[in-house]
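Notes to accompany the following structure.
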Amino acid sequence: MKPYDVIGSGTRTKSLDAVLMLEKKKRGKKQTVLVIGSGGREHAIGWKLARSLQVGKLYFAPGNPGTGEIGENVPIKADDIEGLVAFAKTKNIDITVVGTEASLVAGIVDRFAKDGFRIFGPNKQAARLETSKAWAVEFMARHGVPHPISEIFDHPGEALAYAEKLGGRCVVKADGLCQGKGVFVCNWQEEARRAVTMLMVDKLFGSAGDRVVIQEKLEGKEVSVMAFCDGSRAVPLVAVQDYKRAYDGDHGPNTGSMGSAAPAKHVGPTLLKKIHRLLTLAVKGMGDEGAAYRGILYAGLMIVDGKPYILEFNCRFGDPETQVQLPLLETDLLPILEACIDGRLTAEMVRWKKASAVCVVLASEGYPGIYKTGEIVRGLRQPAGNHGFMVFHAGTSRFGTVVQSAGGRVLGVTATAPTARAARKKAYAAIGNPLSFEGMQYRKDIGK
Ligand code: AMP
Ligand code: GLY
């Protein structure tokens, strides 16, 4: 039987996949890749994949006007799992890369694997690290992964009594997904009471707040570190500094992030090694529990007296972290993703350029509050040339030849250079005149 006969039978096995891959390489056939999502993160993933010698046709579902320039956008939503499976069958997709958690939560990895499609991301069982904060803290306790002291509650009365015992100085977290809005850092009894009531009684986030986690409030320095994982190994990505507050000097309301810079100056090699140990512990623990973790594991950490504690896990690339990480990745992304799927990842596959990257998010007027959309974006052609700039689209839409703003975060302007200072200078030089839109707002201190 020729390996190609197996395609589309719905019974492809791992070993047959390996044979198929080898065959393709011999024939020089390139891989057809599908990226799922529509933000700056997916544009950055696609941008890096488009540079792979092994990638042929690149599809995005649903993608954005930026991804439409490097591949083909298909109008299938990220959580339309059956639509995506049908598309993968029609186009003989070799590898699917999941950008957004919406697809992971909907069980895309299990569904694709059932039909024999290779897909990068954790399955539903493994994604519990992100989808249930209660499950994640219980998991960390079982495997000795350092995290804040945590208690889990199903009844508001008991939760309130515990918060009171802590004097209100605690962090109240909804168990389920709340689009990053289900965590309340409290200093006073009244704050904690309000948080518990909002989640468990008023059901601000529906069933996501049926159960809450109450944690001790840690004081320290926050960092985020991601790793490629292959079921038993974790290889870290370059550490990133994320700028979550809306205004310069870390003032103003929290946003989805106003920019990122890598490598993060405050995460030295010793700290990165400690964090790597935690991520490895987590991946091994998941494997031991029969929920092998394959994909990106993103850990939000607090560093207290030089010791890292895990505050939360995410099961996907960060946004806009990915927009500075992938431009710094020296090695080809596709073989890394394949090695994660196949369980043969090595540290040598993941090499980083000795350079810095800065990404400045251009946001709509009013963001993160009520913001305006539909503004014409000018000057997109100018900086997108081959001058060490990338303009990643986050929230845009296209009408004929016109690109308009269509979200809170509109574009991510990323520059790479030998030093952080030069990268920063280059990124800011690309903004305004002509790259701009009415009401555009951005921080002036990213990477400073
Ligand atoms: P999470 O979604 O769990 O990362 O929480 C969102 C933010 O809340 C984090 O980025 C921290 O700033 C803060 N946070 C979460 N848990 C704690 C904790 N146990 N102690 C102090 N701050 C926390
Ligand atoms: N930048 C934060 C995140 O991707 O979750």
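The values are calculated or read from the model by the stated rules, or taken from the named source; none is laboratory data. Because the structure is predicted, anything quoted here is derived from the model rather than measured. All Cβ positions, glycine included, derive from the backbone under ideal geometry; neighbour counts span all protein chains shown.
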Every residue from segment 412-440 that is in contact with an Asp or Glu (Cβ under 6 Å, 6 or more places away or on another chain) and surrounded by 14 or more Cβ atoms within 10 Å (Cβ to Cβ): PHE437, GLY439
What tally of residues in segment 306-351 results from selecting those that are assigned to a helix (DSSP H, G or I) and among the polar types (S, T, N, Q)? 3
Residues of segment 141-171 being of a type outside the set (A, V, I, L, M, F, W, C) and either touching a Ser or Thr at 6+ places or on another chain (Cβ under 9 Å) or under 27 Å from LEU278 (Cβ atoms) (or both), in sequence order, are ARG142, HIS143, GLY144, PRO146, HIS147, PRO148, SER150, GLU151, PRO156, TYR162, ARG169
Output the residues belonging to segment 130-147 that are in contact with a Cys (Cβ under 9 Å, 6 or more places away or on another chain) and either within 12 Å of ligand 1 (Cβ to nearest atom) or farther than 19 Å from ALA208 by Cβ (or both). GLU130
Selection from segment 206-219 of residues without any contact (Cβ under 8 Å) to a residue 60 or more places away in the chain and within 13 Å of ligand 1 (Cβ to nearest atom) yields ALA208
Any residue in segment 333-343 that is at pLDDT 95 or above and farther than 24 Å from GLY37 by Cβ? yes
Check off (1) under 30 Å from GLY366 (Cβ atoms); (2) touching a helix residue (DSSP H, G or I) at 6+ places or on another chain (Cβ under 7 Å); (3) part of a loop (DSSP other than H, G, I, E, B) for SER232 and give me the number that stays unchecked. (1)
Residues of segment 427-448 satisfying the condition of being within 25 Å of the chain's Cα centre (by Cα) and either without any contact (Cβ under 8 Å) to a residue 40 or more places away in the chain or farther than 19 Å from PRO320 by Cα (or both): LYS448
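Conditions (1) in a helix (DSSP H, G or I); (2) without any contact (Cβ under 8 Å) to a residue 24 or more places away in the chain, marked per residue:
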position: PHE112; (1), (2): yes, no
position: GLY116; (1), (2): no, no
position: VAL172; (1), (2): no, no
position: GLY176; (1), (2): no, no
position: GLN179; (1), (2): no, yes
position: ALA192; (1), (2): yes, no
Kindly check whether there is at least one residue in segment 220-243 that is touching a Cys at 6+ places or on another chain (Cβ under 6 Å), over 27 Å from GLY407 (Cα atoms) and more than 16 Å from ligand 1 (Cβ to nearest atom). yes
ILE310 passes all but one of (1) away from ligand 2 (no atom under 16 Å from the Cβ); (2) within 21 Å of the chain's Cα centre (by Cα); (3) farther than 20 Å from VAL33 by Cα; which number fails? (1)
Which numbered condition PRO308 fails, given (1) more than 16 Å from ligand 1 (Cβ to nearest atom); (2) farther than 18 Å from THR255 by Cα; (3) touching a helix residue (DSSP H, G or I) at 6+ places or on another chain (Cβ under 7 Å): (1)
Please verify whether PRO320 is at pLDDT 95 or above and either in contact with a Gly (Cβ under 7 Å, 6 or more places away or on another chain) or within 16 Å of ligand 2 (Cβ to nearest atom) (or both), treating the condition exactly as stated. yes
Taking ASP332 as meeting all but one of (1) closer than 30 Å to GLY116 by Cβ; (2) within 16 Å of ligand 1 (Cβ to nearest atom); (3) surrounded by fewer than 19 Cβ atoms within 10 Å (Cβ to Cβ), write down the number of the exception. (2)
